[in-house]
Amino acid sequence: MSQTPSDDMPAEIDFSQGTRGKFFHPGVKLNLPVYLDEQVQSRLAALANAKGMDFSALVNELLRKDIELIEVAR
């Protein structure tokens with residue numbers, strides 16, 4: 001069976017037994033992963049270690065300070 005260029009899914013994928021919205025949960029908050037450059041991550045990890053802080057706590061602290069600076073500059 002050939003596909004037309006407008007098909008979104010290949011013909012061999014069968015969703016006839018699928019359930020729409022099975023995994024949808026309104027109001028769910030997702031924490032998306034953030035990928036740092038290797039050099040940035042390495043430097044921040046060293047700084048967190050030197051301060052005796054959790055890496056995520058340090059990154060959040062720095063981002064909060066940056067957001068505050070941005071807000072003040074407006």
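The values are calculated or read from the model by the stated rules, or taken from the named source; none is laboratory data. Keep in mind it's a predicted model, so treat the numbers as computed, not measured. A quick note on method: Cβ atoms are made from the backbone with ideal geometry, for glycine too, and the neighbour counts reach across all protein chains shown. We work out accessible area using only protein heavy atoms, side chains counted, and drop any ligands, DNA or RNA first. Shrake-Rupley method; radii C 1.70, N 1.55, O 1.52, S 1.80 Å.
Within segment 1-14, the set of residues being modelled with pLDDT of 85 or more and of a type in the set (A, V, I, L, M, F, W, C) comprises 13 only. Determine the pairs where a residue that is of a type in the set (Gly, Ala, Ser), located within segment 34-55, has a partner that is assigned to a helix (DSSP H, G or I) with Cβ atoms under 7 Å apart, the partner being 6 or more residues away or on another chain. Between residues of segment 34-55 that are of a type in the set (Gly, Ala, Ser) and residues that are assigned to a helix (DSSP H, G or I), the close pairs are 45/55; 48/55; 48/58.
Put simply, of 39, 17 the only residue that is modelled with pLDDT of 95 or more, open to solvent by 70 Å² or more (accessible area, probe 1.4 Å), out of contact with any helix residue (DSSP H, G or I) (no Cβ under 9 Å at 6 or more places or on another chain) and of a type outside the set (D, E, K, R) is 39.
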